[in-house]
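These notes are about the structure you will find just below.
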Amino acid sequence: MKDNSGNLLEPNYIEDGNKKILTTAGAFGLLRKGIIENLGSKRAKGFLLRYGWSLGVSDAEEAMVTSTAIEYLIKQASVLHLGTGHIGDVQTERFIELVDSENIKTIRAKGKWINSFEALEHLKHHGKSDTPICHTLTGYASGYMSTICKKSVIVKEISCIAKGDPECRFEMKLKEDWGMEIQEELKFYHESNIIEELEYTYEQLLEQRNYIDKVSKFHKKLTESISNGSNLQDIADSTFGLLKIPISIEDLSFQKIVFSGMEEAEYRVLSKELKESLIRKNRKSNKPLPQFKETTRLITENQERLVTPIIVQKKIIGYCTFIYLKDAEKSSENNIMFIERVANAASLYLLNEKTSFEALEKMKGYFLEQILKGQYSSREEIINRGRYMGVDLETPFFIAAIDYKGNGKSAKDSTDHYDQMLESIAKYLDIQGYKALIGQYEGKIIMLIPESSNILPNMEKILKHIETTHSSYNYKIGISDKSEEIENVLENLDESLISLRMSTEKKIIHFTDLGIVGILINSKNVSGIKKIAKQELGPLYKLGESKQKELLKTLYVFLSNGGKLQQTMDDLSLSMSGLMYRINKIETLINKDLRDSSQSYQLLLILDSLLALGELEI
């Protein structure tokens, strides 16, 4: 600046430090952008709120020089805020209760800012926000109103055009009237010391570095453990030793594989509680238990679990779990990295095992196939080769046949599915320590089970495992009588297949449960049975196929129910008149009285025999 003579004048600074300066919305938008990018959204919000608060306080103090009347100062609020250029207009509805002209008892207001420069600049530089962002406007209104009211008045933005809302709307209340709703917001009005923040950040970084170092050492020890030949139990024991957190490794149905860090009895109680809880929560689904594809927290009455999947070749085959008792220290976010490292170690171990296991199981399956085809010349040869496979065939044994039929669109003849199911069963047997031969015969999965393997008492668990891991199929199991002659294994195979055909309601049926029917069929008098059946049921065989099945099923259900009409009606979903019509027709065709106990018993025996032979389907 120059005087009248053209001499340069010294700048005239205002000593009170409250000189107003002008800037453009674009320039402030760039400054705001830099603040957010360098400080982060959270710290930038606090800075902008405090900046706006300072502007509001300054304007309020300037207005109070003219008058201290509340009503005048509130009217000036809109005028002064518009004068900042922050907004194009403001609309407000207020409720004010005064003590006198210069003091308020309470104040509440709702309103909207029109054409907020802050929202427009945010959209320009950062795009759409997840939260309201008119921090300068909010701080300005809070600072101004708190100054003129001589009480803490807090303004909160509740919708914002930068968030995708149609308007930038706000609410205003005394701090005490907001209650807990405003507590998080109040923290932004308190400036923190940058040195303290840096010290806190350093402590956090140091803690994180130490944590990463701990995870790295933990992972290294697990990897070394596997390289040195450790098994899953060793992995679990090592993990508990390092972290002091009880751990379990389980299959997809949460059946125990190994665990460490607690007593067996306590583990069983907690495991039962977890499964019951999952079943209750999963009732609406067709699957008995849910499958967890990522690390998940499960909470029941007495425990909290951190569960992560074990994945081998892109398939989930089980879970690693940290178990926290209710009265013990709760799990933390940090433990997620540890449990996932354990799952990785278990996956690596199981992948190594899978490769060698698959080769051995193929050999076992081929061996069983050779036995069933009678390709060994002597009992001694079979027993010796069995020892090589790790299966004792010198002791008594059973044959189990497993059949599976698809639900809905599932296709039974899927080779991939059969291979997966065979692998799943074989792996489960191996994990549980059961020794058996498993293979395929006529579309069925066949198991040769030594009595000493303790598999038969646990057949329900094996079936449950299959149903859980391959839930799109229905399964039935037929089990032969005990035999001590491995060279006569085909007789036992026939017994298991007969049992399988007789399992109309039960999912697992033993040949010994068939009684006289089993003895008849096992006698190989098949042609005689068929001859008697045609003689006793002859006219029914001459009917069309659909009518024949309908009447034979009615006859079988009626006889199985001991001639009880009501039970038969319910089982066949028939009316009384419909059932009586069928019974009368059957009695006419076969010329027998179905209420005669001797005749009905003989007919039921014949039908059971046909069912066992596969000549009849119910």
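The values are calculated or read from the model by the stated rules, or taken from the named source; none is laboratory data. Predicted model only: the values in this text are computed from it and were never measured. In this analysis, Cβ positions are derived from the backbone assuming ideal geometry, glycine residues included, and neighbour counts consider all displayed protein chains. Only protein heavy atoms, including side chains, enter the accessible area calculation; ligands, DNA and RNA are left aside. Shrake-Rupley method; radii C 1.70, N 1.55, O 1.52, S 1.80 Å.
Evaluating 6.51 cos²θ - 1.76 cosθ + 1.60 at θ = phi - 60° for every residue in the range 562-577, the Karplus couplings come out as x, x, 7, 5, 4, 4, 5, 4, 5, 5, 9, 6, 10, 7, 4, 5 Hz, glycine and proline recorded as x. A simple packing score, the average count of other Cβ atoms within 10 Å per residue, orders the peptides 455-467, 474-486 as 474-486, 455-467, with the highest score first. Diagonalising the gyration tensor over the Cα atoms of the range 40-82 and scaling each eigenvalue by 5 before taking the square root yields semi-axes of 27, 9, 7 Å, largest first. Close amide H contacts of residue 158 (hydrogens built in the peptide plane, cut-off under 5 Å, sequence separation of 5 or more or a different chain): 169, 170, 171. Put 165, 130, 570 in order of accessible area, highest first, and with a 1.4 Å probe you get 130, 570, 165.
Taking amide H positions as modeled 1.01 Å from N, with prolines and chain starts lacking one, the residues under 5 Å from residue 106 and 5 or more places away or on another chain are 97. Round to a whole angstrom and tell me the spacing of the C-alpha centers of the range 106-158 and the range 49-74. Taking the Cα centre of each part, the range 106-158 and the range 49-74 sit 15 Å apart.
With every protein chain in place and a 1.4 angstrom probe, the accessible-area ranking of 51, 581, largest first, reads 581, 51. By a 1.4 Å probe calculation restricted to protein chains, residue 565 has an accessible surface near 50 Å², given to the nearest 10.
Go through 280, 209, 305, 297 and list them by solvent-accessible area, largest first, probe radius 1.4 Å. Kindly include the intermediate steps, with their values, before the conclusion.
On the way: 280 135, 209 155, 305 0, 297 90 Å².
Reading off the accessible areas and sorting them downward yields 209, 280, 297, 305.
In straight-distance terms, cross-link reach from residue 221 covers every one of the aspartates and glutamates whose alpha-carbon lies under 13 Å from its own, apart from those fewer than eight places away in the same chain; here that gives 213, 234, 237. Per-residue 3J(HN,Hα) values for the range 132-138, derived from phi via the Karplus relation 6.51 cos²θ - 1.76 cosθ + 1.60 with θ = phi - 60°, read x, 10, 7, 6, 5, 5, 4 Hz in sequence order (x marks Gly and Pro). Residue-wise HN-Hα couplings along the range 588-599, as the Karplus relation 6.51 cos²θ - 1.76 cosθ + 1.60 with θ = phi - 60° gives them from phi, are 5, 5, 9, 6, 9, 9, 6, 8, 7, 4, 5, 5 Hz; Gly and Pro carry x. Surface exposure of the range 238-323, expressed per residue as accessible area with a 1.4 Å probe, stands at 52 Å². The accessible area of residue 125, taken with all protein chains in place and a 1.4 Å probe, comes to roughly 50 Å². Of 293/315; 506/553; 272/464; 314/362; 112/187; 110/187, which pairs sit farther than 19 Å apart, going by alpha carbon to alpha carbon? Beyond 19 Å between Cα atoms: 314/362; 112/187; 110/187.
Sorting 360-368, 227-235, 336-344 by average packing, meaning the other beta carbons within 10 Å per residue, from highest down gives 336-344, 360-368, 227-235.
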